1. Six or more apart or on different chains, Cβ under 6 Å: which pairs go from a residue in segment 91-105 that's touching a residue at least 24 places away in the same chain (Cβ under 8 Å) to one that's among the small types (G, A, S) and in a loop (DSSP other than H, G, I, E, B)? Could you list them?
2. If you take the residues of segment 306-322 that are basic (K, R) and closer than 18 Å to N404 by Cα, which of them is most open to solvent (accessible area, probe 1.4 Å)?
3. Could you tell me which residue of segment 323-339 is surrounded by the most Cβ atoms within 10 Å (Cβ to Cβ), considering only residues that are among the hydroxyl-bearing types (S, T, Y) and assigned to a helix (DSSP H, G or I)?
4. Between residues in segment 373-401 that are farther than 24 Å from A26 by Cβ and residues that are assigned to a helix (DSSP H, G or I) and open to solvent by less than 20 Å² (accessible area, probe 1.4 Å), which pairs lie under 8 Å by C-beta distance while being six or more apart or on different chains?
5. Of all the residues that make up segment 158-181, how many are basic (K, R) and open to solvent by less than 40 Å² (accessible area, probe 1.4 Å)?
6. Among the residues of segment 12-57, count how many are surrounded by 14 or more Cβ atoms within 10 Å (Cβ to Cβ) and assigned to a loop (DSSP other than H, G, I, E, B).
7. Give just the number: which of (1) exposed (fewer than 15 other Cβ atoms within 10 Å of the Cβ); (2) part of a loop (DSSP other than H, G, I, E, B) does T65 not satisfy?
8. Which residues, taken from segment 116-149, are open to solvent by less than 60 Å² (accessible area, probe 1.4 Å), touching a helix residue (DSSP H, G or I) at 6+ places or on another chain (Cβ under 9 Å) and free of Cβ contacts under 8 Å to residues at least 24 places away in the same chain?
Amino acid sequence: MSGITCRSCGSPQLEVVLSLGQTPLANSLLTKAQLKDPEPTYPLDLAFCRACALLQITETVPPETLFRDYLYFSSFSDTMLKHAEELADELIKSRNLNAQSLVVEVASNDGYLLQFYQRRGIPVLGIEPALNVAKVAVEEKHIPTITEFFGADLAAELAAKGQRADVVHAHNVLAHVADLNGFVEGFERLLKDGGIAVVEVPYVKDLLDRCEFDTIYHEHLCYYSLTALDRLARRHGLEAQDVRRVPIHGGSLRVEFAKISPSPAGGGGQGGGSQRVAGLLAEEKSWGVGNVDVYRTFAQRVAGVRRELRELLGDLKQKGKRLAAYGAAAKGSTLLNYAGIGTETLDFVVDRSTYKQGRYMPGVHLPILPPARLLEAMPDYVLLLTWNFADEILSQQAEYRRRNGKFIIPIPEPQVV
C-alpha cells in the first residue's frame, strides 16, 4: 500500500484484507435538524501489518472530531459496572493499595471504574478528553479529572508534579489511539517503579472466531493480539507480566505491563503470570497470528454474514412482519451501513441511554427511542445490535419476549432467539 505505514512499527508492509465501504462516523448520532444535511463518510478498510502482526484500519479521523463531544457513557451498562467493581477489588488486594497509592485511568469516561477505588479511600485521577463526559465524572461522582488527550508529554508533566501511579488503567482506549507510541511511552513515564499498567483491548482472535466485524469502525484504529501488543510495549521499556482473556465486549485481553527490569528477578521470572504470557504467545503463533491468509478468510465470512442477514430480514419483511432494532451503539452503525439496512426494513431503534434517545442513527437515519417503545409497538422481531450484552438485554426484555416478541442475534451468524 503506497504511502501508508503501520501505526505501531512504521513498516510499509500493510495489506488491505477487508473493505466495509464508505461509512459515516459510527457514534455521530444525528439530531432531527441534521437529517437534511450531507453526512461526511470515510473509507473503512482493514489492513494487516506483515512486520508486527497488527490489524488496523487505514483511515485516521482527527480525534478532536471523534471524542470531544461523546455520547458513550459506561455507567449505562450494568455489565460494565460489575466488571469494573470486581477488577478494582482484585487490584486493591493484589497490589496492597491504600491511601498513599494513586490509581490513574486514561479515558476514564464518567468515572465508572475509579469510583470503586475512591469509595475505598484510594486517591484517583481520571484523564478524559470528552468534555461532556468528564463533567459527569467531576460533578456527579466527584472524580478529579483532567480533560486532555493522554500521551508522553502529559505523563511527563504529571510525573514531574509527583503524580506517579501505582496502577494505570487503560480500558478500551488503546484501539482508539492514533499516536500509539506516544501513548505507551506515557505509561512508562507515569508509572512508579514497581507499578503496573492494566490494559484491556478487544481480542483479535475473538474478532476472527466470532466474525465480530461490526466492532470495526473509525474510532477503533487497531485490533490487537498479544503478539502485536508485546512488540509495541517492548519498544517503550515495558513487558507483559500477566495476561487473561475476559468475556467483556465480545472477548477481550487484559494485560498487565510493568517496566522491564534489568535484573533476572524482574518481570521475566516464571510466575503464573509470565507463564500465561508465554503460553498465549505460543498459541497465537500456532493459529497463524502473523499469516495474512487468516485475515483473508475472515473477510470471506464477513461477506457471508451480510448476505444471510439481508436474506433473513428481507424474507421476514416480505411476510409482513414488523421489525425494529435494539442498541444505538457504534457496532450497530457499522452493521447497518455495511449491510445496507435502514428505514425500508426497520421501524426504529431503542436504547437505554437517555443521551441517545431522540437522535437518529448515522447513515441509515433510524430514530432512536426508549426501550419502553418495544412493548408499545410490539414489533415481531428485534435485531439485537448490541449482541455483546445479549444476556443483560434479553433478561431486561423478558416481558416483550413473553408476549412472543423475538430477537435476532446477527453475530457470529444470524439466529433467531
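The values are calculated or read from the model by the stated rules, or taken from the named source; none is laboratory data. Because the structure is a prediction, the values reported are computed rather than measured. Quick reminder, even Gly has a Cβ in these numbers, built from the backbone with ideal geometry, and neighbours come from all protein chains shown. Note: areas computed on protein heavy atoms with side chains; ligands, DNA, RNA excluded. Shrake-Rupley method; radii C 1.70, N 1.55, O 1.52, S 1.80 Å.
1. A99/G121
2. Our first condition is that a residue be basic (K, R); within segment 306-322, this holds for 306-307, 310, 317, 319, 321-322.
Pick out the ones that are also closer than 18 Å to N404 by Cα and you get 317, 319, 321-322.
Numbers: K317: 73, K319: 133, K321: 73, R322: 103 Å².
Ranking the candidates gives K319 first.
3. The qualifying residue surrounded by the most Cβ atoms within 10 Å (Cβ to Cβ) is S333.
4. As it stands, the answer is L375/Y400; M378/Y400; D380/L316; Y400/L374, since those pairs meet every condition given.
5. So in segment 158-181, the residues basic (K, R) come out as 161, 164.
Checking which are open to solvent by less than 40 Å² (accessible area, probe 1.4 Å) leaves us with none.
The total comes to 0.
6. Counting residues in segment 12-57 that are surrounded by 14 or more Cβ atoms within 10 Å (Cβ to Cβ) and assigned to a loop (DSSP other than H, G, I, E, B) gives 12.
7. Failed condition: (2).
8. Those that are open to solvent by less than 60 Å² (accessible area, probe 1.4 Å), touching a helix residue (DSSP H, G or I) at 6+ places or on another chain (Cβ under 9 Å) and free of Cβ contacts under 8 Å to residues at least 24 places away in the same chain: V124, G126, E128, I146, T147.
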